[in-house]
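The values are calculated or read from the model by the stated rules, or taken from the named source; none is laboratory data. Nothing here was measured: the structure is a model prediction, and the numbers come from that model. In this analysis, Cβ positions are derived from the backbone assuming ideal geometry, glycine residues included, and neighbour counts consider all displayed protein chains. Each accessible area value is taken on the protein alone, full model and side chains, heavy atoms only, with ligands, DNA and RNA left out. Shrake-Rupley method; radii C 1.70, N 1.55, O 1.52, S 1.80 Å.
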Amino acid sequence: MDKAYDHQKFENKIYEAWEKSGLMRADENSDKEPFTIVLPPPNVTGQLHLGHSAMLAIEDIMIRHQKMSGKEVCWVPGTDHAAIATENVVIKHLGLKSREELSREEFLKECRKFAQEKHDRIVHQIRKMGAWLDWSREAYTFDEERNFAVNTIFEQLYNDGLIVRGHRLINWSVGAQSVLADDEVEWGEEVEPFYYIKCGEFIIGTVRPETKCADSPLIVNPDAEYVRVKYTPKLQQTPKSPYQGTSENPAKKRKFIPYDKNLTKFARENRKNPTPAEKKMWYEIIDKLKKEFPNKWLRQRIIDNYIVDFYSPSLKLVVEIDGDSHFTKEGIEYDKIRTETLNKYGLNVIRFTNDEIINSPDAVYFKISKFIKEKNSPLAPLIEGGNPAKFENNLDERDGGSINTFILVKNCWKNPEERKKVLNLLDEDGTWEVLETMTGNELVEKIGEFEYDTYAGKRKFVVMADEVVDPNKGSGAMTISCNHSADDYDLGKRKKLDKYFFDKIDFAGKMLKIAGEAEGMSVKEARKFAGKKMEEMGLLTGIDKNYSHRVPLCYRSGCVVEPMVSPQWFISVEKEFTDKFTGEKTTLKKLTQKAVREKNVKIIPARFEKIYFQWIDNLRDWCISRQIWWGHQIPVFYCQDCQAENVFDAESTKNPANLCCKKCGSNNLKQDEDTLDTWFSSALWPFSTLGWPDENSRDFQKFYPNSMMETGHDILFFWVARMIMFARYATGKYPFETVYLHGLVCDEKGQKMSKSKGNGIDPLELIEEVGADAVRLSLVIGTTPGNNIPIGKNKIKGYRNFVNKLWNAGRFVQMQLDSSPLAPLIEGGNPANFENSSNKRDGGRIKAKSLADKWIADRFTQISREINEHLNKYEISLAGDKIYHFIWDEFCDWYLEAHKVEPNPLFLREIFLDILKLAHPLVPFITESLWKVLTNDDTFIVEQSFPQPDFEDKKSREIFGDLQEIVSEIRRIRAENKVNPKDKLNIEFANEINPETLKLIEHLAKVANGKVDKKQATKIFHRLAGHGAGNSELLIEIPVDEKAVAAEIKKLENLITSLKNRLANKNYVQSAPKELVAESREKLKNAEEKLAKLKSN
RNA sequence: GGGUGAUUAGCUCAGUUGGCUAGAGCAUCUCGCUUACACCGAGGAGGCCACAGGUUCGAGUCCUGUAUCACCCACCA
């Protein structure tokens, strides 16, 4: 035997031997009680990661333990075709831009080929973990049997009316051109402007202004109070210049008079009686200015000095610079204003020099000019040649009209912060006046339907009330886009807003005609466009440029997911049907809820039951169709002649060419092009792998339902819950008794493993390095179900060391046997010869002779019981921890050392083999290796029965326990006094001591019994069971260690105080269990004796 | 925003219906290559068990509150 365990020499060979033995195959005709686990199928094109390793380790431990405990175990392996993920990988692998570069047939062929290659790799990886799987039953979610199962349940659900085709809101990935399941959507953080938009008098908030281009219901909260307020900008006062009194005051530097006093005066007078057109222009200009010039002082200057002149059509004013055609400031180029045109309209021109303009607040003037020039400005016609009278027609009543009145929910109006958010583009100094207060319901009545401006023209909206509107958020009103938002969709359905279900965006992610000028733009472009346009139109009242929110992203293409309405197949979870097993009316949702509520399925850890309910209670219909090719094609056939929809039984579906339309008999049928969500076939896994739909098959009869389902807690919902749903629906039984959820594997610091962080560990490399056993232990010990599984180099190293320790213990056993005179008996002899023993351990074959033998046999009994109990309760971590410490701390550190004093090789071999059995489920390879070495026969350790010894020896337990204490104490004294380990110290017992015990102590503590010079001695007070009652005295030939004695005294005193207090407490003596009280008394007595002797020393 | 869990030694965590003088692994320190194992052995040091209350004879454990962290769900004007 090698000095160190070399896992590479053994693991592959052993696994091959297991497979060859045929023992891994579950016997469906066995009369043993079954224990079934169906392996959660890894993605066939994926790679095994440590999460899979953890899964395999846990399940393998359970399987081996149950097998050794006499069950007929059946662990079914398999892989998943992972529809979307695989399709992606294949597309990438082939270097395609899209799958359409190939025909459907060709593409599927490539997928199959690719999947087969990858399948072999992943199966290899699974074997490396040592999993005791029944490979003869290996399944694949996309093989023929599973396809048959899929078609069978599809037909059943369809006939029960639970599968329906409908127009529903789905997550549409523009990049991938496919529907995504909710769980396939990833969320990313994005900062986008958040707009508050005027809709008539209302204000709504949105990050998606591009959707605000169409007729829409405007929803208010029915019971919340709303206020109509009037806003009057405060324009008359000139704020003080921030430059006033400083040398930097630009006003002082001005070399010209910016306006003609007389003109201004004239204008002011005129302003008193403005025409409606003038008023409108005026307000438009103010609105624009606010956005252009956030600096209030500056803005006011402009208003007071210049804009006033615009105000009166009869006194128009425009500027020109030096007669140049350009003026550049801050990189913006302004066109020359055509003097001729201006003059034509009677505009005055003021000339600036460049120097005067740059660095002068007056420069802003040009921006105004630019604004006026822009086509969309209401003033444009004035400049370009339009007719101002045009604006007189449909003027809102500016004063008392809708343009400067706003309807806000009272909460927003009262809350200055909220209000500021909504209205931050308006002048803060404006005055506000509350005109009236009314509830949402009253608003609905009073306002009803009316027109408002959108970026794409005039639209109508109708005011409605609904509770979804949160009166504490924003302005308290919202408009909805039924086809482009899940909540809006629900609301629309609830309110039956049929005419508002229309698309604004197409499946390519482009805006439709309804978006007016934005038609054909991508959503992103349209969003910018709409924002800008609305700003220009003065439709914005507030804007939050740093609004951060989460956006749904496609996990494949990374593009933003658009909620869209599309024809899809759904499973109706709330539709009633008659349960064929009970005859009761029920729904899929109810059945799924019942599973856990009525304890048909137990979830470990239990807290996930709560999470399960939370999810099920909010369950929506499940969209099962996918626009991809790689998957189970939806078994629905559309008649090309009469358009009928046909679903056939699975048997007929096998030959699509022979199918005829059920309605018109035509055989001109076309199968639905879409495929099923990958979870559809996965949901059948627990029974489709066991013969279903043939419920009379031996496998189904014997092994269904499964005993446990072990998987990551991250797929509780979309897999576990759906398995429960389908299993109960199709088989009438819940698919498994227990769900064991493990956590995510993460590094030592609790961080998720990921390639980008570089903290990922490849299981194969790890196994190569330290062996599968060490990997298994690392993944299993120190973990709690449902919690993260921390794993790191140190931990792994520790368990590798343990495996080596076990190996060396085996080596020691082997050496003992080799050198033993009894060796021949083992090689060819019959151990039954040893049956005369009266000890019952392991059928009473080999006698436990010495104290140590009896002690370890007794301990083994206790540990075995605990391990059995832990494993039965799925407490794998605790079981592993106990085996680890039993083997290392007790067997190796104490028993093997003690064994050297009084060898008993046959017994040693027996107990060691038993320990190997006990440890086998956790560390199958090393135990099997040692089993082979030590038994030298063809049996496998897994064929042995799991230890359930009943040997007990209380006396040996006590004596050995005391002995351990004494030895530890002596060792401590030696270490603290720096005694050379080679030196033997003399000790002297005050009492008579059993020679066997003494021999052990001498060996273990490196001491010799003899006369001790009392002046040089340290006293130890010990109690040795079986040597008379009470404490006895042990002298050891070492100078007294004052410090140690003082420490011991203090420790004892503390203990005594605590015990005394406890016993002095009448309530304690009365209420606490009697044994406990007696124990405390005993402890106190011992402690006091010990203390007294220590002090007297 | 709604929910769940966590907080114990420098680090990673055990601590199962309350009985604890609070444990383990790693790291650290001291001593030792003693013929199973240096992937080892012996020993030491290291803790107001997050904080504040409460229940109890007794609280790391149960209850309430606070703080911090993690995860899940919803994402919405």
* Spin-label point model (7 Å from Cα, Cβ direction): what's the A:Gln948 to A:Lys900 distance in nm? -> 3.8
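First select every other residue whose beta carbon is under 11 angstrom from the beta carbon of A:Gly520; then total the charges, Lys and Arg +1, Asp and Glu -1. Could the numbers behind the result be given before it?
Working: positive: A:Lys510, A:Lys513; negative: A:Asp506, A:Glu517, A:Glu519, A:Glu525.
Combined, the nearby Lys, Arg, Asp and Glu give -2.
Give me the net charge of A:Pro605's neighbourhood, meaning all other residues with Cβ under 14 Å from the Cβ of A:Pro605; Lys, Arg count +1, Asp, Glu -1. Walk me through the intermediate numbers first.
Working: positive: A:Lys602, A:Arg607, A:Lys610, A:Lys873; negative: A:Glu609, A:Glu710, A:Glu875.
In short, +1.
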* Alpha carbon convex hull of segment A:177-227, projected area averaged over orientations, nm² -> 6.5
* Can you list the HN-Hα couplings for segment A:588-600, worked out from phi with the Karplus curve (6.51, -1.76, 1.60; θ = phi - 60°), rounded to whole Hz and with x for Gly and Pro? -> 4, 4, 4, 4, 5, 5, 4, 3, 8, 4, 9, 6, 6
* Within segment A:766-802, backbone nitrogen closer than 17 Å to the virtual label 7 Å beyond the Cα of A:Lys602 toward Cβ -> A:785-786
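Could the peptides A:406-414, A:25-33 be put in order, highest first, of the mean number of other beta-carbon atoms found within 10 Å of their residues?
Working: A:406-414: 22.7, A:25-33: 13.7.
Averaged packing, sorted descending, gives the order A:406-414, A:25-33.
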* Which whole-Hz ³J(HN,Hα) couplings does segment A:206-223 yield from phi under the Karplus relation 6.51 cos²θ - 1.76 cosθ + 1.60, θ = phi - 60°, glycine and proline marked x? -> 6, 9, 10, x, 5, 7, 8, 10, 9, 3, 7, x, 10, 9, 10, 6, x, 9
* Asked: Check A:Asn1009: other-chain or 5+ apart residues with amide H under 5 Å from its amide H, H built from backbone geometry?
  -> A:Ile987
* Stokes-Einstein D (µm²/s) once Rh is taken as the Kirkwood radius of segment A:446-588 over alpha-carbon pairs, at 4 °C in 1.567 mPa s -> 70
* To do: Report, in whole Å, the centroid distance computed from the Cα atoms of segment A:784-802 and segment A:565-602.
  => 41
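Regarding segment A:1-77, what whole-number volume in Å³ per residue does the convex hull of its Cα atoms give?
On the way: hull volume 10.8 nm³, N = 77.
Once divided by residue count, the hull of segment A:1-77 is 141 Å³.
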* Asked: Which percent of the accessible heavy-atom area of segment A:70-112 goes to carbon and sulfur, probe 1.4 angstrom?
  -> 52
* When only the heavy atoms of the protein chains count and the probe is 1.4 Å, how do A:Met815, A:Met24 rank by accessible area, highest first? -> A:Met815, A:Met24
* Okay, which of segment A:33-62 sit inside 19 Å, backbone N to the point 7 Å along the Cα-Cβ direction of A:Ser697? -> A:34-42
* Using only the alpha carbon atoms of segment A:915-999, find the Kirkwood hydrodynamic radius as the inverse mean reciprocal pair distance, in angstroms to one decimal. => 17.1
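Jot down the per residue volume, in cubic angstrom and as a whole number, of the convex hull over the alpha-carbon atoms of segment A:610-761. Mind showing how you got there, number by number?
On the way: hull volume 28.2 nm³, N = 152.
Per-residue hull volume (Cα only) is 185 Å³.
Report in % the part of the accessible area of segment A:136-176 that belongs to carbon and sulfur, leaving out ligands and nucleic acids; probe 1.4 Å. Can you show the working numbers first?
On the way: 690 of 1580 Å².
Reported share for carbon and sulfur atoms: 43 percent.
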* To do: Just report the Cα centroid separation between segment A:413-478 and segment A:87-139, whole Å.
  => 56
* By what distance, in whole Å, do the Cα atoms of segment A:436-526 stretch along each of the three principal axes, largest value first? -> 43, 26, 25
* **Size-normalised alpha-carbon gyration radius of segment A:36-103, reference 2.2 N^0.38 Å** => 1.59
* Structure fact -> The set of residues whose placed amide H lies less than 5 Å from the amide H of A:Tyr638, leaving out same-chain residues fewer than 5 positions away, is A:Asn646, A:Lys670, A:Gln671, A:Asp672
* Provide the per-residue ³J(HN,Hα) series for segment A:614-627, in order, calculated from phi with Karplus coefficients 6.51, -1.76, 1.60 and θ = phi - 60°, each as a whole number of Hz, with x at glycine and proline positions. => 3, 6, 4, 4, 9, 4, 10, 4, 9, 7, 10, 8, 10, 8
* Leaving out ligands and nucleic acids, note down the accessible area per residue over segment A:687-744 with a 1.4 angstrom probe, in whole Å². => 25
* Asked: Contour minus end-to-end for A:Tyr1068 and A:Glu584, with contour as 0.36 nm per residue of separation and end-to-end as the Cα-Cα distance?
  -> 168.6 nm
* **Between segment A:706-725 and segment A:883-941, the alpha-carbon center distance in angstrom** => 38
* Report the far tail of the P(r) of segment A:507-626, meaning the percent of Cα-Cα pairs longer than 23 Å. => 60
* Principal axis dimensions, largest first and in whole angstrom, of segment A:841-965 by Cα -> 34, 34, 25
